Amino acid sequence: MRPSGGVWGRRLGVFLLTQSADRPRRVSSATPPATCGASDPAAEGTARCQPGHTATSWDTWDPAASGTMKDRSSGCSAGEGGSKEMVKTFKAKDLIITPSTSFKAKPDPNNLVFGTVFTDHMLTVEWSSEFGWEKPHIKPFQNLSLHPASSTLHYAVELFEGLKAYRGHDNKIRLFRPDLNMDRMYRSAVRATLPVFDKEELLQCIQQLVSLDKEWVPYSTAASLYIRPTLIGTEHSLGIKKPSKALLFVILSPVGPYFSSGSFKPVTLWATTQYVRAWQGGTGDCKMGGNYGSSLFAQCHALEKRCQQVLWLYGEDHQITEVGTMNLFLYWINEDGEEELATPPLDGIILPGVTRQSILDLAREWGEFKVSERYLTMGDLTQALEGNRVKEMFGSGTACVVCPVSDIVYKDQIIHIPTMENGPKLANYILDKLSDIQYGKEKSDWTIVVS
């Protein structure tokens, strides 16, 4: 059974995007004028919106593009990554490879604990404001040596990314939409006043690292190789300022399901009214460690309440934003009686997830129901549940891919979401579709063959 009466396989090219017009919007002082005029709604990074509505799709406004966003406290231009002194990038053709002489045993792909085992090699690239980027270096996996005053240790001047390499049915190794990860990493670097880089050059270096450690990519369609690019400030100073030294490194880890309960098992969320993850003008739309480290206290509360993750709310009306490690989707019959797949918009508080964008792109292409980036509140959800209008709720992310939600603990009450009772037809279909693309069962220009 599929979740609607239409033919899911057809490619209609119908893109539907609506946004709630009767609820006050969160407005950021950094938000550009509310205009849009997408000439090609199918193009990656193009605004998809109705006339008069602010665009909320992936990368509709890149403050780094104009090079005019200023950090007024330090006078640095974030468009140059906080480094007017040196803007050149490293090159993949200059890559130095020092192979490891000792090799670790490969783990059983059926018993992987997420992010605890690492491969034989890593990639490092050093940067300084005096000399710019040094040559990239693939070397044996090893500990880092940092000065005790490094800015990443004291002021969290750092960022990271997360993507995966998949071994397909044809034994080829593929990356899934890595260009979106490179785009997001670049934007995070701008926001953190860390040095920018040529995204394509970094991607080529990552591909060579994965190719060198290709035997670490699990021979399984239930596991993958997690890729963690990281960029940290290594300034030897306790002064609060943009760093004059930085280190970019990439490590690899074979992984199975993110949650210990296993793959595609429903989770329970704790909707906190006490803590917030992000706010307007903050860094919620960047992938920075500080966003996650500061969430651990709330996550501990969630675990005490026997919930797997925190559902972050925002504002007095308790707007639904995202989950600790996932973006969130609601498949329901909306207030107007329309079948709709809805997810909160990218307004500076939501992390622009690669899986999130992929689900939106697929659903718009199917054209079987309304697809919206819109505001949702806990009040909207509870009213819909009372009216038996909720079909499914699920999270999305690189780590978990698609994860159904069965219950939400809100104001000390357990709210049941009938996701599993409804299949979950849509969540299952999306997971199968994404998996077929990632593991090469279905051809797609979203993947890059590494080896």
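The values are calculated or read from the model by the stated rules, or taken from the named source; none is laboratory data. None of the values given here were measured: they were computed from a predicted structure. With ideal geometry, Cβ positions are generated from the backbone for all residues, glycine too; neighbour counts draw on all protein chains shown. The accessibility values were calculated without ligands, DNA or RNA, using every heavy atom of the protein model including side chains. Shrake-Rupley method; radii C 1.70, N 1.55, O 1.52, S 1.80 Å.
Descriptive notes on the structure:
- Sparse-neighbourhood loop sites, GluC sites (Glu not before Pro) in region 306-375 - DSSP loop, at most 13 other Cβ within 10 angstrom: Glu316, Glu338
- Cα shape, region 311-377, gyration tensor, a/c 1.5 rule: oblate
- One quarter of the surface of the convex hull around the alpha-carbon atoms of region 312-432 equals 7.2 nm², the direction-averaged projected area.
- Rolling a 1.4 angstrom probe over the protein heavy atoms with all chains in place gives region 310-441 an accessible area of 29 Å² per residue.
- Spin-label pair Tyr292/Ser435, simplified geometry with 7 Å Cα→Cβ offset, distance in nm: 2.4 nm
- Sites listed here are chymotrypsin sites (Phe, Trp or Tyr not before Pro) in region 202-278 whose DSSP assignment is loop and whose Cβ has at most 12 other Cβ atoms within 10 Å: Tyr219.
- Using a cut-off of 24 Å between Cα atoms, the listed pairs Lys370/Lys391; Lys214/Lys441; Lys88/Lys199; Lys88/Lys443; Lys106/Lys287; Lys104/Lys214 include Lys88/Lys443; Lys106/Lys287 as exceeding that distance.
- Computed from the Cβ-Cβ distance with R0 of 25 Å, the FRET efficiency linking His169 to Ser102 stands at 0.20.
- Of all aspartates and glutamates in the structure, the ones whose alpha carbon falls short of 19 Å from that of Lys241, not counting any fewer than 8 places away in one chain, are Asp71, Glu80, Glu85, Glu126, Glu130, Glu158.
- Label-to-label distance, nm, for residues given as Asp336 and Phe141 (7 Å Cα→Cβ offset): 5.1 nm
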